[in-house]
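Here's the structure, in structure tokens; my notes come after.
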Amino acid sequence: PANNTSTQDVSPQVSSTCSTNILVNPSFENPVQTTLKTNNIYPSPYYGWATLNNSNINIIKVDGTAFAPGPDNAHGSGNQYLDIAGANDFPIQTFTITATSSFSFSAYFSNRVAQVQPGRYTPWTAKVDILDASNNVVASSSTKNFDLYTDPEAWFFVSGNAPFLPPGTYKWRVYVGDYGHMDDAYLCITPGIDAVNDDFSATTIVGSGS
């Protein structure tokens, strides 16, 4: 049925004092799509986002009426969300910090209805990682496992913390399965963790993907 999208938390860890999202286009609302409830496929990079393996990015626009392959509503106040076109891949953004800083990070995920392509569904696990310049994972979120029986109308929240990262360049990286969606990506500094946070400076490198 339409209009039955729900949200469920999976071990939420985001700081309540964290508010400013430094990711670019985190809810995929830019640009506004002109076609509704269908595929809008673009090459990577795309408006702040890149995919690690250069898979195409698919932006789904919904309006609360029935949409067979996935949620009838985007998460939050927008009406667009991300799908990876015909592949499993890692949407990423790169950010640079100039002082030791601590972060909260999160994203919302949903299932793609298996009945759309019966027999081809592959279970997958949603997770967000923070990687350093050498592509080592320095922090990871909680996880959410998706399978054939996961409610395709529910959005699931995963989150984590990255304490005391030294100055440098990092990646915000998330895994999205071929039968999955993502919305409302989040990364922000956690104030009050340490004194040097008062000198924090961060910039995102749009669509670098490297």
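The values are calculated or read from the model by the stated rules, or taken from the named source; none is laboratory data. Every value quoted in this text rests on a predicted model; they were computed, and no experiment measured them. Neighbour counts are summed over all protein chains in view; Cβ atoms, including those assigned to glycine, are modelled from backbone coordinates with ideal geometry. Areas reflect the complete protein model, heavy atoms only, side chains present, ligands, DNA and RNA absent. Shrake-Rupley method; radii C 1.70, N 1.55, O 1.52, S 1.80 Å.
Brief remarks on what is shown
- The residues neighbouring residue 57, those whose beta-carbon lies less than 12 Å from its own, together hold a net charge of -2 under the Lys/Arg +1, Asp/Glu -1 convention.
- In region 56-188, Cα pairs under 8 Å separated by at least six residues give a relative contact order of 37 percent.
- Extension gain, residue 41-residue 169: 0.36 nm per intervening residue step, less the Cα-Cα distance, totals 43.2 nm.
- The mean accessible area for residues of region 63-193, using a 1.4 Å probe and ignoring ligands and nucleic acids, is 35 Å² per residue.
- Computed E for residue 33/residue 133 - FRET, C-beta separation, R0 22 angstrom, nearest 0.05: 0.05
- Residue 63-residue 125 FRET efficiency (beta carbon distance; Förster radius 25 Å; 0.05 resolution): 0.25
- Annotation: peptides 95-107, 63-75, 33-45, 136-148, ranked by per-residue average of other Cβ atoms within 10 Å with the highest first, follow the order 95-107, 63-75, 136-148, 33-45.
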